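Scroll down for the structure; my scribbles are underneath it.
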Amino acid sequence: MKQTLTILLFLLPTITISVSEPLDPKQVKALQSLNIPTTEDPCSQPSLVCDTSTPFRHLTTLQLSNCTSPHLSLSFAALKSLSTLDSLLLLNCPVTSTPSPTRFPLQLASTLRSLTSVNSLRNISAVSLSHLRNLTHLTLSNLTIKASAPYVLFSHISNLQSLTISHANLAGSLPKHIHSPNLTYIDLSSNNLRGNIPSSITMLDNLQVLILSSNQLKGEIPSSIGDLISLKNLSLDSNSFSGSLPDSFSAIPGLVHLDLSSNQLNGTIPDFISQMSNLKHLNLANNLLHGVLPFNSTFIHGLQVFKVGGNGNLCYNRSVLPSKLKLDIAPCDKFGRPVSPPPSKRSSADDSSDDGDYDGDYDDGGASVSHKKEHHHGPNKVVLGVAIALSSMVFLVVFLILCSKCCR
């Protein structure tokens, strides 16, 4: 009997009770400064990810979004205690840093791979950012970066794959040397960048997205832009670029989005653009382009966005494109120049007379054949006629009476 019981006990499944290790007390304190509840297991929250180390677990991911508390604080000491983070994301969470601007401790340099702050941190030290050498993804928007020049950011971060710094008051020129060969995404829009596009950018073979919109960049778009054979999105709008559209665009087979609007680009639109089969967004509006639009209806209908308005000397061929497309440019005359729109009837009437409105057109000799519209001002003509007749009769009666008196 004993032997049988022993065998049965041996066959019973072993029940183990897993007790999670507590979170590092220093990190608990850092979470409390961000108003994150810590009464229960903090690692059970979806915005936090922890490792399984002992005797204390440590945070590897911290994500805060759409915070409602107006008093969030992230001190240098708190960041130091969070040095195990692999990813830090702050989205619409205004955070006060002490000291300001925000500085990142060297302890984060070896672990942090992804840093995102959108409408959250207010000021960041660029020198401090450059210490985060293992970053692969950096997104900073709606803040101020304290930097003497953008090259400070690019000098040491060699593993970057995605870089977004927008609405950050970033000033200076683009760096001549970028030590991040793996970059696939660059967005430096809405800053105060000046100067030209350097060759360092056009040497990024893996680059798929380049957004430099809303800066103060100038000069010609370099022909070496065609070396970016992986490029899918090129947005250079709202700058001061001049010169013609480079022919090297034709060497970018996968380009989907091309926005060159609101610059000072001149010359004609090259024919090869209509052969870019992957293109879905084309915006060339508000430049100094001229000549005949080299596109047909098939190409334009294949685009999701097409804008060419604001180019005063650009026109379209009426035999190729119907006017119902509403291209915001004039049709061409037989010389390939925009046809001036005819003056409106109202403006013609205003120019010819201040007394009233005129309807009419021109005869073969060019003389204006206009007919003044009737206006009924003053008394009615019938009433006026009757009044004159009565006055005449009264005058005649008075005259006859006077004559009869004189005869006596």
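The values are calculated or read from the model by the stated rules, or taken from the named source; none is laboratory data. Everything numeric in this text was worked out from a predicted model, so none of it was measured. Reconstructed Cβ throughout: ideal geometry from the backbone, glycine too, with neighbour counts over all protein chains shown. Heavy atoms of the whole protein, side chains included, go into the accessibility calculation; ligands, DNA and RNA do not. Shrake-Rupley method; radii C 1.70, N 1.55, O 1.52, S 1.80 Å.
Put a dot 7 Å past each Cα toward the Cβ at ALA77 and LEU402; how far apart are the dots in nm?
About 11.9 nm, to one decimal.
Going by the alpha-carbon gyration tensor, a ≥ b ≥ c the square roots of its eigenvalues, is the stretch 215-334 rounded (a/c under 1.5) or, if a/c is not under 1.5, prolate (a/b greater than b/c) versus oblate?
In terms of gyration-tensor shape, oblate.
Looking at the stretch 39-331, what % of the alpha carbon pairs are farther apart than 27 Å?
The calculated P(r) of the stretch 39-331 puts 49 percent of pairs beyond 27 Å.
Taking the Cβ of SER130 as the centre, find all other residues whose Cβ is under 15 Å away and add up their charges (Lys, Arg: +1; Asp, Glu: -1).
+3
Taking the alpha-carbon centroid of each part, what is the distance from the stretch 48-67 to the stretch 210-275 in angstrom?
Distance between centres, Cα-based: 43 Å.
Would you mind telling me the share, in percent, of accessible area of the stretch 39-331 contributed by carbon and sulfur at probe 1.4 angstrom?
Carbon plus sulfur share of accessible area: 49 percent.
Using R₀ = 45 Å, calculate the FRET efficiency as 1/(1 + (r/R₀)^6) where r is the Cβ-Cβ separation of GLN45 and ASN278; round to 0.05.
Calculated value: 0.60.
How high is the FRET efficiency from SER230 to SER340, r the C-beta distance, R0 45 Å, rounded to 0.05?
0.50
So if R0 is 25 Å, what FRET efficiency would ASP86 and ARG122 give, r being the distance between their Cβ atoms, rounded to the nearest 0.05?
0.55
Under 13 Å from the Cβ of TYR316, count the other residues' Cβ atoms, weight Lys and Arg +1, Asp and Glu -1, and hand me the total.
Computed value for this residue: +2.
Quick check on my link table: of LYS280/LYS326; LYS176/LYS218; LYS146/LYS232; LYS218/LYS307; LYS26/LYS146, which ones sit more than 20 Å apart, alpha carbon to alpha carbon?
LYS146/LYS232; LYS218/LYS307; LYS26/LYS146
Hey, how much of the P(r) for the stretch 33-165 falls beyond 19 Å, as a percent of Cα pairs?
Every Cα pair in the stretch 33-165 considered, those over 19 Å come to 48 percent.
Report the accessible area of ARG113, computed with a 1.4 Å probe over the heavy atoms of all protein chains in place, in Å² rounded to the nearest 10.
Accessible surface of ARG113 is approximately 90 Å².
Keeping all protein chains in place, calculate the accessible area per residue for the stretch 39-331 (probe 1.4 angstrom), answer in Å².
Result: 44 Å² per residue.
Could you tell me whether the stretch 138-253 comes out rounded, prolate or oblate from its Cα gyration tensor? Rule is a ≥ b ≥ c as square roots of the eigenvalues, rounded for a/c under 1.5, then prolate if a/b exceeds b/c, otherwise oblate.
oblate
If you take every residue apart from SER242 with its C-beta less than 11 Å away from the C-beta of SER242, what net charge results, scoring Lys and Arg +1 and Asp and Glu -1?
That works out to 0.
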